[in-house]
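What follows is a single structure, written as structure tokens, with notes after it.
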Amino acid sequence: MQLLRDPSFQRGVTEQALRAATTGRVTRGIPALSNIDRSKFGVAIATLDGDLVTWGDSHEPFSVQSLSKLFSLCALLRLVPSSWTSVGWSPTLIEYNSLEGVEARSGIPLNPFVNAGALLVTDRLEALTGDAVCATRELLRLSNPAAAWRVDAMVAKSEAAVSHRNKSIGYQLASYQLLYADVDRVLTSYFRQCALTANCIELASAALFLADRESAYRVLPKRLRHQVNSVMLMSGTYSGAPDVSFQIGLPTKSGVGGGLLSVAPGQGAICVWSPPLDRRGNSSGGLAALSIIASALDWSIF
Ligand code: GLU
């Protein structure tokens, strides 16, 4: 970790990330997020033994978007460990919000990180707890009680107003009778969950339980941590996952708010934030930074 504290190392990572970010585009899918400052860049690395290294805009909250899918999945698995049979664990080789993947499998999602799977997770949490956002926040509070885990209602409303694609997926799932809750309720809850805000430090700390091999965190049993990390590696960065696995070698989840969250089993967690996205919906600068940091720490799982 010593190297990571070196200001010239941090400067080098930031410069390379910001250069990579010039090739990306800030999300256009959610109007309220389309004006985020594209030069924002923050990093937090938290270790299981309590160390924390941060720099840049690591204290600034951002819209977690699909990073929330990781925590809602864990909230569901805590309640129903066999949920994999309904949400799937196949790799994503198509767009995360594709309708095709759902249709080809008679409505069964590929995995919990594509939108169809995430909507199904939300539906199950609504049915089981009556409030999926609350259930996801409870899981987040178990792993990081200090953070506010606030929902940005403007962002949720903004996505709800334009997200015809997610609405189509919701109705597609409903048409296969795969939802227990009312489809509009599932969509509203999903948009609110995606609109949770947190900073890099809060997110890296919240993901530590997934890196834990000793069960000190008591959030999820070992078998489920193994399964979540495996699906994250295969699908957490959508069609970019093979590249992330090949180049970085860490289970990683991305969000269109520009966040990337990686788990290094037995070591710790890394969160990077840089808003411009590549064509697959992953943070361009974030991937560049993650690659340098993971390699400097020798944190690949392979
Ligand atoms: N709320 C976004 C959507 O459903 C999340 C996508 C993402 O962050 O990758 O399209």
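Structural remarks
- On inspection, GLY286 passes the criterion of being surrounded by 24 or more Cβ atoms within 10 Å (Cβ to Cβ) and in a helix (DSSP H, G or I).
- Restricting the stretch 186-195 to residues that are of a type outside the set (Phe, Trp, Tyr) and within 22 Å of SER106 (Cα to Cα) leaves a set whose member that is farthest from the ligand (Cβ to nearest atom) is VAL186.
- ALA211 meets the stated requirement of being more than 16 Å from the ligand (Cβ to nearest atom) and either surrounded by 15 or more Cβ atoms within 10 Å (Cβ to Cβ) or among the charged types (D, E, K, R) (or both).
- Cβ pairs under 7 Å, 6+ apart, first in the stretch 155-183 and more than 10 Å from the ligand (Cβ to nearest atom) and assigned to a loop (DSSP other than H, G, I, E, B), second polar (S, T, N, Q) and modelled with pLDDT under 95: TYR176/SER106
- Any hit, the stretch 193-216, residues being in contact (Cβ under 8 Å) with a residue 40 or more places away in the chain, more than 16 Å from the chain's Cα centre (by Cα), under 26 Å from ALA20 (Cβ atoms) and part of a loop (DSSP other than H, G, I, E, B): no
- Options PHE9, PHE71: the member that is among the aromatic types (Phe, Trp, Tyr), surrounded by fewer than 19 Cβ atoms within 10 Å (Cβ to Cβ) and not in a loop (DSSP other than H, G, I, E, B): PHE9
- Annotation: PRO81 fulfils all but one of (1) under 24 Å from THR252 (Cβ atoms); (2) surrounded by 24 or more Cβ atoms within 10 Å (Cβ to Cβ); (3) of a type outside the set (A, V, I, L, M, F, W, C); the unmet one is (2).
- Selection within the stretch 96-139 - in a helix (DSSP H, G or I) and within 12 Å of the ligand (Cβ to nearest atom): ASN115, ALA116, GLY117, ALA118, LEU119, THR122
- Enumeration of residues in the stretch 61-95 that are of a type in the set (A, V, I, L, M, F, W, C) and either on the phi > 0 side of the Ramachandran plot or away from the ligand (no atom under 15 Å from the Cβ) (or both): CYS74, ALA75, LEU76, LEU77, LEU79, VAL80, TRP84, VAL87, TRP89, LEU93
- The stretch 217-244: number of residues that are under 25 Å from GLU95 (Cα atoms) and part of a loop (DSSP other than H, G, I, E, B): 2
- Flag if LYS253 is closer than 15 Å to CYS74 by Cβ and either modelled with pLDDT under 95 or among the β-branched types (Val, Ile, Thr) (or both): no
- From PRO251, PRO221, residue being more than 12 Å from the ligand (Cβ to nearest atom), in contact with a strand residue (DSSP E or B) (Cβ under 6 Å, 6 or more places away or on another chain) and closer than 17 Å to PHE71 by Cα: PRO251
- Of residues in the stretch 145-154 being more than 13 Å from the ligand (Cβ to nearest atom) and among the aliphatic types (A, V, I, L, M), the one surrounded by the most Cβ atoms within 10 Å (Cβ to Cβ): ALA147
- Some residue of the stretch 268-281 being out of contact with any Lys or Arg (no Cβ under 8 Å at 6 or more places or on another chain), among the small types (Gly, Ala, Ser) and more than 16 Å from the ligand (Cβ to nearest atom): yes
The values are calculated or read from the model by the stated rules, or taken from the named source; none is laboratory data. Here the structure is a predicted model, which means the values were calculated and not measured. Positions of Cβ are backbone-derived with ideal geometry, glycine not excepted, and every protein chain shown enters the neighbour counts.
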